[in-house]
């Protein structure tokens, strides 16, 4: 035929193609194309363009779009062309629209009608063109419009049309299985089409259907086997031969289908053995396509119920593939080997050398495939070599996608098969060092946990050794430049926790290194936060051991910098560090017990330890706390917020007088900090929370509490802007006062003073004697209690404490918060500690077991025992939860009275859900509590980017 | 299923691109660039397969064949056999191209592909339909394409002046 046949093109197009082909740069090409677009825009809208010209313009548009330029101005013309009577023009129109438009494009509606008409055309080429468009342009909504016609075409006399109709139906199935589910049987029918081409095409949809639902097609096993047999025995006409192979593409599809059907089905598989064996024997392995069929046979054999003879044949073919010079065949061989070793692991051994060769091959594809194979065949005996190799390879590549994958595989294998802790830590170090930013943060937490927990055996000696070696290796690694953030976090944590534990390194060694880290990675706030907390731990351990603490000058300057940091988190940590250093050994030992990262933390949610203090304040004339919902003039929270915001920002310009604060309260606020009030921006109440979620490298308890509790907006509001960190809390309390100054006077002052008590031990600078006493009573008192779960807990005392179960199911928390907002509550804060009600409740409470586990009396110490970093969110959680708890109780009081056993106990849970939950869960609360506590201490400060931490670690 | 068919030259210029799932023009260009960056880093005498997951997402492989100044690329998922697809590229396609473009394949230059743009699309449509390989016999494809040409020519009242790319080039 003439080379151009019906595909005429003009000289102009040739010139375009030529000039683009010769363009030296992308810019030049773009210029040419833009020029062309201008020309086409002009020409295409001229009236009376000859069809032939129009067709060419459209082809040119297609070409332009392929080069990445927008040709949408011509879409409508392409649509118009599909309406044309001339086959040539119509086909071009269809070609263009299938390339230009997607199924949801607005113009489709103009085409559907044409497609409907064309599907009924007498000219089968028109039908084919329309079917082609159907595949691309029909979406779920328009399927019904063309479905009847397509169904009719399944019986079209032309096999080309039948074939395409099947594919169109297949496409409908892919797009919307439900719309054609009643027609799926047609695929089965077409399997018996007397044209092998149509039958072959039917295999595509059947393959997909079977992949989705094997069991409905088991009856076809016999049919498929007999078809395959006939094909393999050359029953088809010669026309289907390809490189002397009988219809290899059909064979491949059939083998794929059989592999699905025979998987785990002995009976079905037995039907297949003969024919697969035959193909193994007959297949010509000298041609590409023959090997393709052989490979498919291996896949089939490794998928169906194993047959020793077939496995043998498969192994033979694999060894032939592996010995071949062709990289393609080696690739297929490695892939096939990976499939087969699942069934017969011993086969890999005979090919060791070949596999090693592939591993060394310069071909990246082959290498990756080989690593995949190695990954599949890793055992505890070879894990060291394999992971070693994988890491070497990982270091050598730049492709982040694959690097991530291989890093996660290394981690997975190491976690699964590690022969020793030592090795595991070293391996992890390498992975972190080279792909630290690509691995999941979870891996870092796991590593920290491993170092903290040891291997679970009671061999403390081994654990100590492990930690020492970790510390040693980290000190060495710190010398390397540019370490990934995640790795640095691990290093800082380990150095903080165990840097001085074995006495090998002095505190000044470790702190010096930590300061270096904070300085070298000064852009990374997370790392800085980790380093600060680590510093705090080191100093705390030193103090607790009665050693004299000399802060290194660089550390001091770092602290000074951090005290003024823009990050509230860093600032807080710095203040905490400062506070801890000012304490005496006894207090520090309580706050920061050495090697206690695995200990549980308990939280007193009712803040009952403050009761005496509050009582005292009230006796001195302070007003009791009024919950927000009780305050007059507040219609709703948002209203309050706005006002709050407004007043806070404008407090310099207020004309009405503040109510005089009570002197007792006033004296509690350190002057220096008051002075800073103005500076602290109070942009809007949500701000601090957001910063916790996003910018601030925060704390495990935070992650949890943020997730669980931050929704309790209304509840928290009872406490004013409770989301402030202690570092800024003084300002918070003062600003609170200004707010409250107008509306409820001293009610909030009490609150502020309460908060003060929390913060008092930190801003050491001007802590009053009274506060110190309070701190001593809070933390000193608790230190008397054992850290271990007390056996007989004192009901009276514990009653007012509520063990925080940070895991209170979210839903119930939400329930609580929902309820909290509108509920009317007694204004008295002190209500929370009401002993009579609570203690009776406790006696009966199913959660008593929880209390037993974690003696509530030592909550305070536990809170402090946690790395100080986690304190602030804890406190927040306390606030939030206490509020919820109080409210909840009150709420429940209204409903059922105090005698209800579950009413008072769990903050944040409603009575009923709690009971059911506790009874159904049995030991779970205990477990989760322990885990939770562990997590809190473990990842002292997991970044807030990982809110899933809890989920991850707790399973 | 087949996800995409591409033909590009060794400088990364796209000569033909057909995606079987709709993608925006920008995304198409991104993928083409991604594929080219992988292809051009491949040495001679290595396998024709590439793991394309980093470009095309989960479960995607890529088979390519380098002819003269052109790369022929098929992207597909695990429901196809790599070797078989490779055969399509290195056997079926060239033989169809050679015959339909009426010249020996070594001489099928880049411009011929573009110049016969709609014809190449017709060939591909006969071979891959809705992302599935429906025809693998080059003679069957040839027959279909010829028939289409004939009918198109017949249906087209306008007389066409055959003008071949080679004729133009030889001027």
Qualifying helices (runs of 4 or more DSSP H) (wholly inside segment A:509-603; at least 1 residues being surrounded by fewer than 24 Cβ atoms within 10 Å (Cβ to Cβ), more than 37 Å from the chain's Cα centre (by Cα) and without any contact (Cβ under 8 Å) to a residue 40 or more places away in the chain): A:553-563
Only listed residue being without any contact (Cβ under 8 Å) to a residue 12 or more places away in the chain, closer than 20 Å to residue A:65 by Cβ and not in a strand (DSSP E or B), chosen from B:30, B:44: B:30
Hits in segment A:317-351 - residues which are within 13 Å of another protein chain (Cβ to nearest Cβ) and not in a helix (DSSP H, G or I): A:324, A:325, A:326
Qualifying residue in segment A:190-198 (condition: closer than 21 Å to residue A:116 by Cα and either touching a residue at least 40 places away in the same chain (Cβ under 8 Å) or under 37 Å from the mean Cα position of the chain (by Cα) (or both)): no
Any hit, segment A:42-51, residues being under 22 Å from residue B:121 (Cβ atoms), assigned to a helix (DSSP H, G or I) and over 46 Å from the mean Cα position of the chain (by Cα): yes
Residue list for segment B:66-91, filter: closer than 22 Å to residue A:367 by Cα and surrounded by fewer than 17 Cβ atoms within 10 Å (Cβ to Cβ): B:66, B:77, B:78
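To keep it simple, each residue is scored yes or no on (1) crowded, with 20+ Cβ neighbours inside 10 Å; (2) within 11 Å of another protein chain (Cβ to nearest Cβ); (3) over 24 Å from residue A:237 (Cα atoms).
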residue: B:49; (1), (2), (3): yes, yes, yes
residue: B:53; (1), (2), (3): no, yes, yes
residue: B:64; (1), (2), (3): yes, yes, yes
residue: B:93; (1), (2), (3): yes, no, no
residue: B:96; (1), (2), (3): yes, no, no
residue: B:121; (1), (2), (3): yes, yes, yes
residue: B:126; (1), (2), (3): yes, yes, no
residue: B:150; (1), (2), (3): no, yes, yes
Those helices (runs of 4 or more DSSP H) lying entirely in segment A:175-273 with at least 3 residues facing another protein chain (nearest Cβ under 10 Å): A:196-212, A:248-262
Residue in segment A:76-97 that is in contact with a helix residue (DSSP H, G or I) (Cβ under 7 Å, 6 or more places away or on another chain), within 23 Å of residue B:21 (Cβ to Cβ) and surrounded by fewer than 21 Cβ atoms within 10 Å (Cβ to Cβ) present: no
Segment B:66-89 - residue that is modelled with pLDDT under 85 and not in a strand (DSSP E or B) and, of those, farthest from the other protein chains (Cβ to nearest Cβ): B:68
Meets criteria (more than 9 Å from every other protein chain (Cβ to nearest Cβ), surrounded by 23 or more Cβ atoms within 10 Å (Cβ to Cβ) and in contact with a helix residue (DSSP H, G or I) (Cβ under 8 Å, 6 or more places away or on another chain)) for residue A:71: no
Residue list for segment A:110-139, restricted to those being surrounded by fewer than 21 Cβ atoms within 10 Å (Cβ to Cβ), within 14 Å of another protein chain (Cβ to nearest Cβ), assigned to a loop (DSSP other than H, G, I, E, B) and touching a residue at least 24 places away in the same chain (Cβ under 8 Å): A:123, A:139
Qualifying residues in segment B:18-42 (those that are touching a helix residue (DSSP H, G or I) at 6+ places or on another chain (Cβ under 7 Å) and more than 10 Å from chain A (Cβ to nearest Cβ)) - the one surrounded by the fewest Cβ atoms within 10 Å (Cβ to Cβ): B:34
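Condition check ((1) at pLDDT below 90; (2) surrounded by fewer than 19 Cβ atoms within 10 Å (Cβ to Cβ); (3) within 30 Å of residue B:34 (Cβ to Cβ)) across all residues:
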site: A:339; (1), (2), (3): no, no, yes
site: A:349; (1), (2), (3): yes, yes, no
site: A:379; (1), (2), (3): yes, yes, no
site: A:384; (1), (2), (3): yes, yes, no
site: A:395; (1), (2), (3): yes, yes, yes
site: A:398; (1), (2), (3): yes, yes, yes
Qualifying residue in segment A:35-48 (condition: facing chain B (nearest Cβ under 7 Å), out of contact with any strand residue (DSSP E or B) (no Cβ under 7 Å at 6 or more places or on another chain) and crowded, with 21+ Cβ neighbours inside 10 Å): no
Leading residue by the ranking (surrounded by the fewest Cβ atoms within 10 Å (Cβ to Cβ)) among those in segment A:352-369 that are in contact with a helix residue (DSSP H, G or I) (Cβ under 8 Å, 6 or more places away or on another chain), within 20 Å of residue A:434 (Cβ to Cβ) and within 14 Å of another protein chain (Cβ to nearest Cβ): A:367
Given (1) farther than 16 Å from residue A:372 by Cα; (2) assigned to a helix (DSSP H, G or I); (3) modelled with pLDDT under 90, number of the condition residue A:285 does not satisfy: (2)
Qualifying residue in segment A:209-232 (condition: in contact (Cβ under 8 Å) with a residue 24 or more places away in the chain, surrounded by fewer than 15 Cβ atoms within 10 Å (Cβ to Cβ) and under 25 Å from residue A:282 (Cα atoms)): yes
Filter result (exposed (fewer than 12 other Cβ atoms within 10 Å of the Cβ) and assigned to a helix (DSSP H, G or I)) within segment A:16-25: A:22
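The values are calculated or read from the model by the stated rules, or taken from the named source; none is laboratory data. This is a predicted model, so every value here is computed, not measured. When we count neighbours, we look across all protein chains shown, and the Cβ atoms used for this are built from the backbone with ideal geometry, even at glycine.
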